[in-house]
Amino acid sequence: MRVLFFAQTRDTTGTAELEMKISGSLGVEEIWRALIAAQPRLAAFQKTTRLACNGEYADAETRFIDADEVALIPPVSGG
Amino acid sequence: MEIEIQITSQPIGAQKKMPEKFSGSAGAFAEFSGIVRASENGQKIAALEYEAYSPMAESEMRRILETLAEKFPCLAARVSHRLGIIPVGETAIYIGITAKHRVEAFALLAGFMDRLKQDVPIWKRRSLTPAEFAALKKS
């Protein structure tokens, strides 16, 4: 699974992306657990940061598989 | 509704106009430009730097425009958002809405900007002080 970081999450992890191996299909909470296990400092962002799966916002129904691209979307500020 | 979205690192010029093909059918052309101000959080700045998750930013903008157009039917929407370092006084975002009537054009424009600021993955990454911006231009 390719994981993309933007804005503050990129600053915190010090990287724009990482590869993470997952098995089966996981929900949002499980993906967060895996992310925090890989990068513990991401825990600070869980409440404010949305996940996207293949370019669309994830919700409670979303299931992630290893082939997906996940992006961490902190609060946006465009315009 | 015709939708044209551009995410660019280049300056957004003033060349945008109502699409010629709607001449005769359109009764309104509403434009908005979001421009970088000289202060950010009370600090004097010379530029802002923007970044985006570009593929998703484009698809989210399209989705928002299509959703709003169901309620406020318009003929066309053009959006350009600039990324990278944008000096004070220059345009960060441009929107041009072509419609039959002004009410729909204004409503779509205002609704789009509100949603953009909630859902489109674009970020102001940092502000540059005049000294930082001058040093960057020299390098």
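Where a number appears in this text, it was derived from the coordinates with a stated rule and is not lab data. The model shown is predicted, which means the values in this text are computed figures rather than measured ones. All Cβ positions, even for glycine, are placed from backbone atoms using ideal geometry, and neighbour counts span all protein chains on display.
The alpha carbons of the protein assembly as shown stretch over 59, 46, 26 Å along the principal axes, in descending order. Residues A:22, A:65, B:12, arranged from fewest to most other Cβ atoms within 10 angstrom of their Cβ, appear as A:65, A:22, B:12. A Cβ-based charge dipole, computed about the Cα centre of the protein assembly as shown with Lys and Arg at +1 and Asp and Glu at -1, lands at about 760 debye. Toward the positive end of the charge dipole of segment B:28-139, with +1 on the Cβ of Lys and Arg and -1 on the Cβ of Asp and Glu, the farthest Cα among B:59, B:79, B:38 is that of B:38. In this simple spin-label approximation, residue A:18 and residue A:44 carry label points 7 Å from Cα along the Cα→Cβ vector, and these lie 1.5 nm apart.
Here segment B:74-139 is treated with +1 on each Lys and Arg Cβ and -1 on each Asp and Glu Cβ, and its dipole about the Cα centre works out to around 160 debye. Rounded to the nearest whole Hz, the Karplus-based 3J(HN,Hα) values (6.51 cos²θ - 1.76 cosθ + 1.60, θ = phi - 60°) of segment A:62-79 follow the sequence 5, 10, 9, 10, 4, 7, 7, 9, 10, 10, 9, 10, x, x, 8, 8, x, x, with x at glycine and proline. Label positions at residue B:25 and residue B:66, each projected 7 Å from the Cα along the C-beta direction, are separated by 1.9 nm. Please report the base-10 log of the normalised intensity I(q)/I(0) for segment A:2-73, using a Debye sum with one equal scatterer per alpha carbon and no solvent, at each q in 0.16, 0.25, 0.26 (1/Å). Summing over Cα pairs of segment A:2-73 leads to -0.47, -1.27, -1.39.
With θ taken as phi - 60° and the Karplus curve 6.51 cos²θ - 1.76 cosθ + 1.60 applied, the whole-hertz 3J(HN,Hα) list for segment B:126-132 is 6, 9, 10, 5, x, 5, 5 Hz, x standing for glycine and proline.
What whole-number distance in Å separates the alpha-carbon centres of segment B:47-120 and segment A:8-34? Here the two parts' Cα centres lie 29 Å apart. Take the Cβ atoms of residue A:56 and residue A:36, set R0 to 22 Å, and the FRET efficiency comes out at 0.45. Here chain B is assigned +1 on the Cβ of each Lys and Arg and -1 on the Cβ of each Asp and Glu. Its dipole about the Cα centre then comes out at about 340 debye. Close amide H partners of residue B:26, meaning residues 5 or more places away or on another chain with modelled amide H under 5 Å apart, do not exist here. In order along segment A:20-32, the phi-based Karplus estimate (6.51 cos²θ - 1.76 cosθ + 1.60, θ = phi - 60°) of 3J(HN,Hα) comes to 9, 8, 10, 10, x, 10, 10, x, 4, 4, 5, 5, 4 Hz; Gly and Pro are listed as x. With contributions of -39500 (n - 2.57) from each DSSP H run of at least four residues, the per-residue ellipticity at 222 nm computed over the protein assembly as shown stands at -9000 deg cm²/dmol.
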